[in-house]
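The structure appears right after this line, and notes come after that.
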Amino acid sequence: MFSNSKVVFIVNPIAGTKPKHMITAAIAKHFPADSCEIVFTEYGGHAHEIAMQKVEEGYGNIIAVGGDGTVNEVASALVNTTCKLGIIPAGSGNGLARHLHIPVQLHASLEVIKNHKTQLIDAGRVNNRYFFCTCGTGFDASVGKKFAGDSRRGMVSYVRATIHQYIVYSPKKYVLKTGNHKVKLEAFLVTFANSGQYGNNAYIAPNAKIDDGLLDLCILRPFPKTSTLELGLRLFFKNIDQSPYLELLRVKKATLKRKGKRRITIHLDGEPMKTRATLKVKVIPEALQVMVPLRKPVRKPKLLPKQPAVLKKLYPKKA
């Protein structure tokens, strides 16, 4: 349990499908009323404002109750501070919580908060905005925009948005620069992954480590429609990195430009936003303290994929 440190739960009342009165009742059961504060968000960006205020007021433990968008808002206020982030997963995807093995079951996730074990993780930054799971442009950003416009939450709505965008979406052309190397490419999507998954255990970067000081740059090249089902299954079987259509590169920083555009749609941890067409992306090592379970499941390590085509273009072998 916490000792002499203020605790606040920042609750997004419209995230996911869990009834929020059940969440607040569970919080009250696990934490005495005089030991914590519960605050509800009222509009987009409000969670970030509340978190910033609580940091200034000396709160040492700030708990985000919601989906990855809510977690992003709160976590962005805590980067490079001594404050600790707690997560009560209550969204549609819960990508960061799942990557850190934080249980999606309400009372189990509250036990993680009570145990108060922390892990230091990296953050990503794109055009001065932070992300903690994934940031991307292309098909995934298009799906995020469609889903955000749907008044209904949950997995069914997300699948509906994915199918709709798949029908209308076409690959885009980009220029990628890493270090002194530049390459032109066409891609269905380009994702910078700090953690392994988008959410709902859909792994775009199965071998990504959230504390290695690197981002996994994932480039899904155009593919035949006959490979659609296979790629979808690979996402959930954690082996899309073995697909011949996915290029993977680990970077500390990179610049990605969408050709012929001034502004584009990207997503930050699943939340869509408009930004300039040149994305300047970098990793911020050891940026955030997050509360995690005392024990994590032991999983058999996977081998890294072989050097993909984009690596050969960027770093050709010497003769």
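The values are calculated or read from the model by the stated rules, or taken from the named source; none is laboratory data. Since the structure is predicted, the reported quantities are computational estimates derived from the model, not experimental observations. All Cβ positions, even for glycine, are placed from backbone atoms using ideal geometry, and neighbour counts span all protein chains on display.
Restricting the first member to the range 269-289 and to residues that are on the phi > 0 side of the Ramachandran plot, and the second to residues that are modelled with pLDDT of 95 or more and assigned to a strand (DSSP E or B), the beta-carbon pairs closer than 6 Å and six or more apart or on different chains are ASP269/PHE131; GLU286/LEU120.
Yes or no: ILE284 in a strand (DSSP E or B), under 17 Å from the mean Cα position of the chain (by Cα) and within 13 Å of THR191 (Cα to Cα)? Lay out the reasoning, then the answer.
Details: in a strand (DSSP E or B): yes; under 17 Å from the mean Cα position of the chain (by Cα): yes; within 13 Å of THR191 (Cα to Cα): no.
Criteria not met by ILE284.
Scan the range 185-202 for residues that are under 24 Å from GLY67 (Cα atoms) and either surrounded by 24 or more Cβ atoms within 10 Å (Cβ to Cβ) or more than 16 Å from the chain's Cα centre (by Cα) (or both) and jot them down. Reasoning before the result, please.
Our first condition is that a residue be under 24 Å from GLY67 (Cα atoms); within the range 185-202, this holds for 189-202.
Residues satisfying the conditions are VAL190, THR191, PHE192, ALA193, ASN194, SER195, GLN197, TYR198, GLY199.
Would it be correct to say that GLN119 is at pLDDT below 95, surrounded by fewer than 22 Cβ atoms within 10 Å (Cβ to Cβ) and of a type in the set (S, T, N, Q)?
Working: at pLDDT below 95: no; surrounded by fewer than 22 Cβ atoms within 10 Å (Cβ to Cβ): yes; of a type in the set (S, T, N, Q): yes.
So GLN119 does not fit the description; no.
Consider the range 161-184 and keep the residues that are surrounded by 15 or more Cβ atoms within 10 Å (Cβ to Cβ) and of a type in the set (D, E, K, R). The one that is modelled with the lowest pLDDT is LYS172.
Sort through PRO206, PRO222 and tell me the only one that's part of a loop (DSSP other than H, G, I, E, B), in contact (Cβ under 8 Å) with a residue 24 or more places away in the chain and touching a Lys or Arg at 6+ places or on another chain (Cβ under 8 Å).
Values: PRO222 fails: touching a Lys or Arg at 6+ places or on another chain (Cβ under 8 Å).
After ruling out the rest, the residue left standing is PRO206.
Taking ILE210 as the residue in question, decide whether it is of a type in the set (Val, Ile, Thr) and either touching a His at 6+ places or on another chain (Cβ under 7 Å) or under 22 Å from ALA97 (Cβ atoms) (or both). Against the criterion (of a type in the set (Val, Ile, Thr) and either touching a His at 6+ places or on another chain (Cβ under 7 Å) or under 22 Å from ALA97 (Cβ atoms) (or both)), ILE210 qualifies.
Within the set GLY86, GLY136, GLY66, GLY93, the sole residue that is surrounded by 23 or more Cβ atoms within 10 Å (Cβ to Cβ), assigned by TED's automatic domain parsing to the domain that holds ARG221 and among the small types (Gly, Ala, Ser) turns out to be GLY136.
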